[in-house]
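Below you'll find the structure, written out as structure tokens, and then a few comments.
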Amino acid sequence: MQQCRKGGLIHHFPNKQALIFALFARLLAIMEEAITALMQQDGVSYGRFTRAYLNYLADLTDTHESRQLMVLSLAMPDEPVLRKCWRDWMLEKLAQGDELDNSPTGTLVRYAADGIWLSELTEGITMSADHRRALVDSLNKMTLPA
């Protein structure tokens, strides 16, 4: 495999921010595709986006993609363009979402999904597989109609 040289990167990306944004956009497109597929497979429309988001992150194991997403997520506080890109993506999904997706419960489930994913990538495994599965199952139940 040919080594990537700094000159080659600068030829394609004028600065560090452009490179970071291109990587983030690519990873966001991968995430979008996976979440869309999960939504299409879900027979329950109520809370479909939040459930797909939860299950995408719950199934996102320690892969190259996941580590890249983690690094970029942790870079967001210092990169306004990434924050705007993420915010715009989430606002678009919520605008297309339903009552659950736009409720405090939907927000809680998505934040919990973020927390499970990030804590495992930054701290490693801190709960048993059974405990984790029960947690994800409980969060999934919160997204279903009563």
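So for the stretch 116-126 (the condition being at negative phi, open to solvent by 30 Å² or more (accessible area, probe 1.4 Å), of a type in the set (Ser, Thr, Tyr) and not in a helix (DSSP H, G or I)), does at least one residue qualify? Yes; the residues of the stretch 116-126 include at least one that is at negative phi, open to solvent by 30 Å² or more (accessible area, probe 1.4 Å), of a type in the set (Ser, Thr, Tyr) and not in a helix (DSSP H, G or I).
Count of the stretch 43-73 residues, restricted to those that are open to solvent by less than 30 Å² (accessible area, probe 1.4 Å), small (Gly, Ala, Ser) and either part of a loop (DSSP other than H, G, I, E, B) or more than 13 Å from LEU121 (Cα to Cα) (or both), is 2.
From the list ASN102, ASN55, the one residue that fits, being more than 19 Å from ALA25 (Cβ to Cβ) and free of Cβ contacts under 8 Å to residues at least 40 places away in the same chain, is ASN102. Selection within the stretch 100-110: residues that are within 17 Å of ASP42 (Cα to Cα) and assigned to a loop (DSSP other than H, G, I, E, B). The member of this set that is nearest to the chain's Cα centre (by Cα) is ASP101. Among all positions in the stretch 118-128, there is at least one residue which is of a type in the set (Val, Ile, Thr) and under 26 Å from PHE21 (Cβ atoms).
Pick from ALA134, ALA113, ALA95: which is open to solvent by less than 30 Å² (accessible area, probe 1.4 Å), among the hydrophobic types (A, V, I, L, M, F, W, C) and part of a helix (DSSP H, G or I)? Exactly one residue qualifies, and that residue is ALA113. Taken over the stretch 1-42, the criterion of being open to solvent by 80 Å² or more (accessible area, probe 1.4 Å), at pLDDT 80 or above and of a type in the set (D, E, K, R) is satisfied by ARG26, GLU33.
The values are calculated or read from the model by the stated rules, or taken from the named source; none is laboratory data. Because the structure is predicted, anything quoted here is derived from the model rather than measured. Here Cβ is always computed from backbone atoms with ideal geometry, including for glycine, and neighbour counts include all displayed protein chains. Accessible surface areas use protein heavy atoms only, side chains included; no ligands, DNA or RNA. Shrake-Rupley method; radii C 1.70, N 1.55, O 1.52, S 1.80 Å.
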